[in-house]
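One structure is given here, and the rest of the page talks about it.
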Amino acid sequence: MSLHKGSGSPRAIAVNPFFGEADPVGGMAVAPPKHRLPDGPMTPHAAYQLVHDELMLDGNSRLNLATFVTTWMEPQADILMAECRDKNMIDKDEYPRTAELERRCVAILADLWNAPEPGAVVGCSTTGSSEACMLAGMALKRRWMKRTKEYPTTARPNLVMGANVQVCWEKFCTFWEVEARLAPMSGDRLHLDADAALALCDENTIGVVAVLGSTFDGSYEPVAEICAALDAYEERTGTPIPVHVDGASGGMIAPFLDEDLEWDFRLPRVASINTSGHKYGLVYPGVGWALWRNAEALPEELVFRVNYLGGDMPTFALNFSRPGAQVVAQYYTFLRLGREGYRAVQQTSRDVAMSLAERFAALDEFRLISRGDQLPVFAVTTAADVTSFDVFDVSRRLREHGWLVPAYTFPADREDLAVLRVVCRNGFSEDLADLLMGDLNALLPELHRQSHPLNRPESKATAFHH
């Protein structure tokens, strides 16, 4: 989570006299402080209204084209989540049916990801893909430690991945003292490929992370090619290097729209996969999933067993207590949609993305980097002859109309490439796309009247890694 500083401001929260239901004047006099606990209570109506009014200044989540996170679910899902928000997911003895729904979700994903032995798959829910990636990374490191006698005296573990990985992988390497070997981008290669991965591997590589759906442009990394290269490497050197697939988004797109693409447990070298239920799994935040091919891929010593909540409970997690609502919502969505329902929803998102990308491409001011034909996500930059504005100006002006469209630069060695990225999710329709293009077309004449792109402080560039 983000780190925040305290405040010494003595200012109280401004209170409307009407909030004091029985005594408007008295209610006005007991305005609570902002940065310390009030001395006494207030009515629930007043507390609700104060918080509600402040949250009015947040953006409209449905117009947020930066985030991959689900921003709409059906009312029935809302009801189920409300019924389960008091259930502690970790207390499986107290809430056995919630635990059973979690187990079924793992089984569904094992089947969806073509596990050769679905019954052998080990998996768990998490708070999101970031935690799932941390767990997968821990398993990779522990497996490497067990086969490396030189650790920790002389051998230092490393993890190979593209510079386009989500920031959680860099966090993992920092927190667990693993060298992050990031393959830089080169020319039109904007993600990891087999050659770039192999060039960074050695006997101390704990694994290679292949991303099924880059957050930078929505493209799939060639998982099968990376696995084939590592197969040949093991034949040549005797060093086994497993692959983890970060399917935070693509793990819930490819099974429905790219069924012939081999990226999952069909590839023997894929040891583990994660996905975000709260992205294209179509559930509100936060829920993620981590699955391992079998028990061998998840060393037993990483699994803790506790009994003080009742019963014997194996657990592999960074968190402990968390609500069961999101897991229940995931099972509801699996049950509600089925394969064909998921296919229809994801195809609609891809259709919207590809259509919107073509509309950007039809404008002389823009050039496509990706087309939305893998993840329902595309990136676009300004044309070479556009000198009066840049993507940061476009992002800023669209925000004035309520649209959150991130602008950012690519990582090493393509920091020269700055793009807008548009994420199309369930609920972002062709009608909303029409409104976006209408606002963009209205802004372009004004942007052309600028003499040059407005100065952008370096600190304002962000990759919006949602």
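The values are calculated or read from the model by the stated rules, or taken from the named source; none is laboratory data. This structure is a prediction, so every number in the text was calculated from the model and none was measured. Quick reminder, even Gly has a Cβ in these numbers, built from the backbone with ideal geometry, and neighbours come from all protein chains shown. For the accessible areas, the whole protein counts, side chains as well, though only heavy atoms, and no ligand, DNA or RNA atoms are used. Shrake-Rupley method; radii C 1.70, N 1.55, O 1.52, S 1.80 Å.
For the chain, the share of DSSP beta bridges that are antiparallel, to the nearest 5, is 60%.
Using Cβ point charges alone (K and R +1, D and E -1), the dipole size of the range 346-449 about the Cα centre works out to roughly 240 debye. Surface calculation, 1.4 Å probe, protein heavy atoms: THR381 sits at approximately 10 Å² accessible. When DSSP beta bridges are restricted to pairs lying wholly in the range 235-347, around 65% turn out antiparallel. Of the residues LEU368, THR387, HIS448, the one whose Cα sits farthest toward the positive end of the charge dipole of the range 346-449, with +1 on the Cβ of Lys and Arg and -1 on the Cβ of Asp and Glu, is LEU368.
The simple spin-label model puts a point 7 Å past each Cα toward its Cβ; for GLU83 and ARG359 those points are separated by 3.9 nm. Qualifying GluC sites (Glu not before Pro) in the range 94-128, where qualification requires a DSSP coil assignment and no more than 15 other C-beta atoms within 10 Å, comprise GLU94. Between SER186 and GLU296, the simple label model (points 7 Å from Cα in the Cβ direction) yields a spacing of 3.4 nm.
If the chain linking GLU179 and VAL51 were pulled fully straight, counting 0.36 nm for each residue of separation and taking away their Cα-Cα distance, it would gain 41.7 nm. Distance between the modelled labels on LEU454 and GLU100, one decimal in nanometres: 5.8 nm (7 Å Cα→Cβ projection).
Can you give the helix-only mean residue ellipticity at 222 nm for the chain, where every DSSP H stretch with n ≥ 4 adds -39500 (n - 2.57) and the sum goes over all residues, rounded to the nearest 500 deg cm²/dmol? Mind dumping the intermediate values first?
Numbers: 12 runs with 162 residues, N = 466.
Dividing the helical sum by the residues of the chain leaves -11000 deg cm²/dmol.
The calculated FRET efficiency for the pair TYR151 and ARG36, based on their C-beta separation and a Förster distance of 51 Å, comes to about 0.55.
One entry in (1) 4, 18, 26, 25, 18, 8, 2, 0, 0; (2) 4, 21, 30, 23, 13, 6, 2, 0; (3) 4, 20, 30, 27, 14, 4, 1, 0, 0 is P(r) over Cα pairs in 10 Å bins from 0, in percent calculated from the shown coordinates; its label is (1).
Largest accessible area first, the residues TRP144, TRP72 order themselves as TRP72, TRP144 under a 1.4 Å probe with ligands, DNA and RNA left out. What's the local net charge at GLU150, with K and R +1, D and E -1, over the other residues with C-beta under 11 Å away? Local net charge: +2. Taking amide H positions as placed in the peptide plane 1.01 Å from N, state which residues far from ASN158 in sequence (5 or more) or on other chains have amide H under 5 Å from it. Under 5 Å from the amide H of ASN158 lie the amide H atoms of GLU179, THR205, ILE206, each far enough along the sequence or on another chain.
Among the protein heavy atoms, those of HIS52 account for about 80 Å² of accessible surface (1.4 Å probe, every chain in place). Ranked by solvent-accessible area (1.4 Å probe, protein heavy atoms only, all chains present), the residues ASP193, ASP264, ASP86, ASP373 order from largest to smallest as ASP86, ASP373, ASP193, ASP264.
Pairs of lysines in the chain whose Cα atoms sit within less than 28 Å of one another amount to 14, provided the residues are eight or more positions apart or on different chains. Share of carbon and sulfur in the accessible area of the chain stands at 53%, probe radius 1.4 Å. A probe of 1.4 angstrom, applied to the heavy atoms of all protein chains, finds ILE369 with accessible area near 40 square angstrom. Database remark: amide H of PHE68 closer than 5 angstrom to the amide H of HIS466 (H placed geometrically; neighbours at sequence offset of 5 or more, or on other chains; Pro and chain starts carry no H).
Over the range 346-449, Cα pairs under 8 Å with separation of 6+ residues give a relative contact order of 27 percent.
The listed residues MET138, MET354, MET56, MET73, once ranked by accessible area (1.4 Å probe) with the largest placed first, stand as MET56, MET354, MET138, MET73.
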